[in-house]
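Only one structure is covered here, and it is reproduced in the block below.
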There are 2 protein chains.
Amino acid sequence: MNIAQLLDTTAEWLTGGNSRQGVVISSRMRLARNVGGASFPTWAKKPEREKVYESIMPALLKLPEFQNPLLAEPMDKLTVLEKQILVEQHLISREHAAKAGGSGVAVSHDRSYSIMVNEEDHLRMQAFAPGLQLREVWSMLDAVDSGLESYLQFAFSPRYGYLTACPTNVGTGMRASAMLHVPALVLNEQINQIVQAVGKLGLAVRGLYGEGTEAMGNLFQVSNQQTLGESESEIIERLQKVIQQIAEHEQNARAVLLEKRPRYVADQVGRAHGALTSCYSISSKEALNLLSILRLGSDLDMLPRASRQVIDELMIVTQPGHLQSRCDQKLNADERDGMRADLIRDKLATINKPDTRQVLRIDTRPQDS
Amino acid sequence: MNIAQLLDTTAEWLTGGNSRQGVVISSRMRLARNVGGASFPTWAKKPEREKVYESIMPALLKLPEFQNPLLAEPMDKLTVLEKQILVEQHLISREHAAKAGGSGVAVSHDRSYSIMVNEEDHLRMQAFAPGLQLREVWSMLDAVDSGLESYLQFAFSPRYGYLTACPTNVGTGMRASAMLHVPALVLNEQINQIVQAVGKLGLAVRGLYGEGTEAMGNLFQVSNQQTLGESESEIIERLQKVIQQIAEHEQNARAVLLEKRPRYVADQVGRAHGALTSCYSISSKEALNLLSILRLGSDLDMLPRASRQVIDELMIVTQPGHLQSRCDQKLNADERDGMRADLIRDKLATINKPDTRQVLRIDTRPQDS
C-alpha cells in the first residue's frame, strides 16, 4: 500500500465538505453481510477465514466502484501505522486494525467506500458522503450490495432477514450514522439532555470512533440501534429527521450563546486560537478540543473563510498515526506532542486572531464626523 | 484621601524594581509596639482606642518620614474600595481593612512606610524596599521607631522586651519578610520541599497576602517566626541567608528547566502569552498565575526588556479593587473578569509572542553560504 495516497489528499466527507455551517460533517452507511455456509469469522479457523477472504476480494474488485482501488489488502500486509491511519480516517474499526491474516480491507479510489473482510462479519461494507446524505449513502451502498450478490450467496433467512454474527445486527444488517459537530450544545451544557432524548427514540449517540469511545472535539456519531422490524428506508427517514433536529438545536444553541453570552464566545474562541498558535506541546485530545472551538469561531464568521479548511485538515492530521507518518523515526508521546504543536502553529500562522467585534456588537462602521 | 494618588504611580518595591532577575521582589520589616498603660486594641473600648489613636497620629506626623504623607486617616474615613486597594498593595492587612473608628492608617509620601494604628497592636509599623534589602528596611524602620519613642512610652519589659497583644510577637516585636517570585521551583515541583526545609529553620513561608492566604502567581512570603531570644540583627542575618539560598535554588531550577525541558518552558511561556493576549474574561487568580509565567519568560529574555514593567504593573492593577477603581459603576465578578481581560489584552498588545529560539536552541546566526 502506498501510505502517501492516504495522506496526500483528504477525502471530502472526512471534513464535512461544504455542508451548511458544518454541523453534520458526514453520513455513513454500513451493511453487515455473511457468506452462506461458512462460519462467522470469530468462530472460523484461519484457513476457513482465508477461503472466505479469497471468495470475497476478487468479487469486490469486479465491481465498478472498486476499479483502481486505493487499497485492497489482507490485514497482515499492512503496517501498524497504516492500520492506525485507516482507523483515524474512520475507514476501519479499531477492532479490525488488530486483525491479521484471513482478514482484509478494500478502500475505493475516492475513499467513499471501505469494505472490511472478516471483521465481526464476513463483510462490513461502508459508504461515506459529506454532510447529511443518508439516502445517498444508502443508495451508494445498495449498489455495491447488489453487485456482490451476483457473485456471492449471502446468509439470509426469509423470516429474520440477513444473518449476522451479533444478533443486534440481524435483519437489515444496516447501521446508518452521521458525524455531528455540536460545540454550542456542549458549551451550553445541553448535550446530555439531547443524548438521553435521542436514546429514548431508539437511536444511539457515540463518541468520535464509535461504540465505547470518548466524545472528543465536540464530535458525536448518531446512529440507529435497531436492524429488525423496520425497513431500511423507515430507519433512514427516522434518523434523518432526528439528525436534522439535533442540527437545528445546535444552531439555536449558537444563537443563544451569541445573544446571551457573547463575551463567553469571544473568550472561548479567542483562547482556543491563543493556545493553538502559542503552544509547543499539545496532546491530540486537547488539540482536537481546541480545534473544535476554533471551527465554531470559523462557522460564526470570526475567522476568515479560508480558515475552515485549515482547521478541518488539522483535526485529521494531528491524530497520532497521521503525525507519526510525517516522521521517519518512531516518535514517543512527548515527541509527538511537540511535533503536533509545531505543525499546528505552522498551519495557523497565517490566520489572524479571531475578529470579535461583531460578536461583541462593537460598531465597525465608519463613524460620522 | 485621594485614591488617584495610590493608583497613578506604582511604588518601586511593589514590583521588585530592578532587582537581579527579580526573584526577590521586595523586603518588608514590621514592628509591633504598644503604648504603655493602655489596653491592647482588642480589649480596649472604642473611646480608649480613639485616645490611643489621638496620641499616636500627631506624633507620627511630626517625623521627617511622614511629612506630606500619602495618607493619614482613621479607618472610618476610608471607603471599602480604598481599603481594598491598600490591602492589594500590601500596605494594610486584611484584618485592618475590616476596622472602623478608633483605628487608622498612615502611608508615607513615597509609600515606603505604612503604619497601622490599632490593628492587633496599637502600632504595626512597616517599611518596604525593592529586592533583598532586609538590613536597609530594618534601619529605615528603626529610625521611625526611635523617632516615635521621643513622643510615646512603649510597653516594654526588661525581661521579655516589647510587649504585644499576641505572645508570638513579644520580644523584638519584629517580623522581617521578603516576597519571592519562584515560578521555576513551582514548575519543577521543588517548592514543597523548600517550604518544609525553611519551616525546620524556624522560618515561615506564606502566600501572597501573608498568614493563611493562598500562594498565587508563584509568589511566596518568607519571614521569621520567632521574636524572642534573638536580637534583630541575628534574625535578619539568618533570614537573609535563607532567602539568598532560596533565590539561588530558583536560579538553579530555571537553569535545569532550560537544560532538561526547554520545550516545556517554551510551551508554558508561549501559552501564558497566548491566553493573556486572547482572553475576553479572566479571574484575578488565573491572570496572576499567567502573568507570573510571562514574568519568567521576561526574566529568561524571551520577551523584550520593556515587557517586565508592563507585566509587573499588570500583576498589581488586575487585582479586584484596582480594577474596580477604573470604573464609576460597581462591577460584579463577571464584569470585572471581562474588564480585566480587556485591560490585559490592551496593555500586552505591543508585546510580541515570546521568542523561543534561544530556549529551543534554534540557531539564529546568519548561515554561511
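Every read-out reported here was derived from the displayed coordinates using simple, explicitly stated rules and does not represent laboratory data. Only a predicted model underlies this, so the values are computations on that prediction, with no experimental measurement involved. Note that we place each Cβ from the backbone using ideal geometry, even for glycine, and neighbour counts take in every protein chain shown.
Here are the numbers for this structure:
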| item | result |
| --- | --- |
| Relative contact order, percent, the stretch B:262-348 [alpha-carbon distance under 8 Å, six or more residues apart] | 40 |
| Helical mean residue ellipticity (222 nm; -39500 (n - 2.57) per DSSP H run of 4+; nearest 500) of chain B | -14000 deg cm²/dmol |
| Average beta carbon contacts from partner chains per residue of A:196-202, 10 Å cutoff | 0 |
| Qualifying lysines (Cα of each under 28 Å from Cα of A:LYS51; at least 8 residues distant if same chain) | A:LYS62, A:LYS77, A:LYS83, A:LYS99 |
| The stretch A:12-255: relative contact order as a whole-number percent, Cα under 8 Å and 6+ apart | 24 |
| Rounded tilt (10° steps) of B:46-62 against the dominant C-alpha axis of chain B | 70 |
| Approximate shape of chain A as ellipsoid semi-axes (Cα gyration tensor, √5λ), whole Å, largest first | 39, 25, 16 |
| B:THR79 paired with B:GLU248, simple spin-label distance in nm, labels 7 Å along Cα-to-beta-carbon | 4.9 |
| Label-point gap, in nm, between A:GLN193 and B:ASP301 - each point 7 angstrom along Cα→Cβ | 5.7 |
| Chain A: angle of helix A:232-260 to the longest principal axis, Cα-based, in degrees nearest 10 | 10 |
| Cβ-placed point charges (K, R +1; D, E -1), dipole of chain B about Cα centre in debye, nearest 20 | 480 |
| Modelled FRET efficiency - R0 41 Å, B:LYS241 with B:GLN153, Cβ distances, 0.05 increments | 0.70 |
| Peptides B:333-346, B:127-140 ordered by average Cβ neighbours within 10 Å, highest first | B:127-140, B:333-346 |
| Amide H within-cut-off set for B:GLY207, under 5 Å, with H built and near neighbours excluded | B:GLY212, B:THR213, B:GLN221 |
| Extension reserve of the A:LYS353-A:ASN332 stretch, reckoned as 0.36 nm per residue once the Cα distance is removed | 4.4 nm |
| Whichever lysines have a C-alpha closer than 27 Å to that of A:LYS241, once near sequence neighbours (fewer than 8 apart) are set aside | A:LYS200 |
| Shortest-first distances to equivalent copies, position A:LEU201, nm, label 7 Å out along Cβ | 6.8 |
| Pseudo-label separations to other copies for B:GLU313 - Cα-to-Cβ vector, 7 Å, nm | 4.3 |
| C-alpha long axis of helix A:262-276 to longest principal axis of chain A, angle in ° | 70 |
| Average beta-carbon neighbours from other chains, 10 Å sphere, peptide A:335-347 | 1 |
| Residue of chain B nearest the B-to-A rotation axis [by Cβ], rounded angstrom distance | B:GLY274, 2 |
| Inter-chain Cβ neighbour average for residues B:254-263, partner chain, 10 Å | 1 |
